[in-house]
Amino acid sequence: MKKKVYFKTFGCRTNLYDSQVMMSSLQEYEITENEDEADAIVINSCTVTNGADTHVRSYISHVEKHNSKAKLFLTGCGAHTKGESLLKENRIHGVFGQSEKQKIDKLLKKEQPFYEPGDLNHIDDMVVDEFVGKSRAFIKIQEGCNFRCSYCIIPYVRGDARSMDETRILEQIRRLASNGFGEFILTGTNVGSYGQDTKTSLAKLMKRMSQIRGVRRIRLGSVEPIQISDEFKEILDEPWMEKHMHIALQHTSPKMLKLMNRRNVYKQDRELFEFLADKGYAIGTDFITGHPGESEELWREAMLNAAELPLTHIHAFTYSKRDGTPSATMKPEVNGRVAKERLHELQDLIDAKNLAFREKFRGELDVLIESYKEGAYHGLDQHFNKIVVESDEDLLGNWITINDYEVKKEYNYARV
């Protein structure tokens, strides 16, 4: 009887993809979705903030209490920053980097504790043709980042930007489409840099993807404003493009953007966002509050600028000091309570903008139903807005078009 392995994934869509690569590479173990019965647990970790590290440690403590027989293995970005210390504390049995994930069978069988950080120049060559428990497919198209934002540790744990082989990406999409997947989410450390090292582009890749039978909707992970090229703008009206773009700003105060060593410029960001909004796009962004140097005056400027932008979604988080980054030594620091207050103020602003967007739209919604919980189906529409659907039919995994729905504060609701 095969031993059972459970995968616990923290962080971004890239980690979700990496977990699927490990699941697809397993030969000698059985995947379980019940952590209590697992003989081995693979923790695919995130280290983008101190909070992310804390979540991983808390999870390890949880497993130690509830399933002490399971061997714990750590991979992901946290393997490079916290792996050695957790290994020395005997909290985990083994640590391995992202480049080692296709050796998962061999690693899980190791009797002695080990630390194998791997190669930060590695490029995946695995073709994943199934996603366990998912109705949408995550496609990793690149790895690493050439940006050096002053607060960010990710380039140090993921390496420089490098693109996956286009032939393998398209082969993966063909297989997944033939297995019934219709929505594809392109992910990576810095998605918009795809093709810069291989003399192609993100727009060209997406056009080729769209020609594959069964591909219905293509969605992007986060891209940088300067990566929305004229060539990319030419595909914005294509029917397979999700009408939602997530474009990382991180701040809207010009002085703060300089402190953060960002490449975007607020005035140009605003012009780009207004262009996308005129095309009918919902627009999300990343934003850090409480970065060193963020005075009350600069924060008020940032909020005024954010109020001007046609934003509908926000991924905001308070600044988290990462040792070894330039921001870690910057002064003056911002009080953590103030940073949280600013985060909530910004979140409230964007929540109100999202509600206004949904109330104004009132067109038909193209929805992929992803889950069933608490007596209703849940899905996302073309604007990446949540919809809750009640129905007597089994809608799980289906695409449905909804014309009659009610706009509620936190989501849309329909009965079909």
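General observations
- Isolated Cys residues of the chain, judged by Cβ distance under 4.7 Å to other cysteines: Cys12, Cys46, Cys77, Cys145
- Spatial separation of Cα centroids for segment 1-30 and segment 157-217, in angstrom: 21 Å
- Calculated FRET value between Asn403 and His315, using beta carbons and R₀ = 30 Å, to 0.05: 0.50
- Only Cα pairs under 8 Å and 6+ residues apart enter the sum, and on that basis the relative contact order of segment 1-158 stands at 23 percent.
- Order of Arg158, Arg174, Arg213 under a 10 Å beta carbon neighbour criterion, fewest first: Arg213, Arg174, Arg158
- Within the chain, DSSP assigns beta bridges of which about 30% are antiparallel (rounded to the nearest 5).
- Entry note, segment 137-361: relative contact order of 17 percent, from Cα contacts under 8 Å with a spacing of 6+ residues.
- Separation of alpha-carbon centers, segment 283-334 and segment 347-416, rounded to whole Å: 30 Å
- The order of Thr75, Thr54, going from fewest to most other C-beta atoms within 10 Å of their C-beta, is Thr54, Thr75.
- Protection-proxy order for peptides 392-404, 278-290, each taking the mean of Cβ atoms within 10 Å per residue, highest first: 278-290, 392-404
- Nearby lysines by direct alpha-carbon distance to Lys373 (threshold 23 angstrom, same-chain neighbours under 8 apart not counted): Lys8, Lys134, Lys386, Lys408, Lys409
- Beta bridges assigned by DSSP with both partners in segment 278-389 are antiparallel in approximately 60 percent of cases.
- Relative contact order of the chain, taken over Cα pairs closer than 8 Å and 6 or more residues apart, is 10 percent.
- Take the Cα of Asp197, go 7 Å toward its beta carbon, and the backbone nitrogen atoms of segment 97-120 under 12 Å from that spot belong to 120.
- Built amide H within the under 5 Å cut-off of His244, gap 5+: Ala282
- Segment 318-416: radius of gyration and largest Cα-Cα distance (Dmax), Å: 19.4, 58
- Counting neighbouring beta carbons within 10 Å and listing from fewest to most, the residues His66, His246 come out as His66, His246.
Where a number appears in this text, it was derived from the coordinates with a stated rule and is not lab data. Just so we're clear, the structure is a prediction, and the values are computed from it rather than from any experiment. Neighbour counts run over all protein chains shown; Cβ positions are idealised from the backbone, glycine included.
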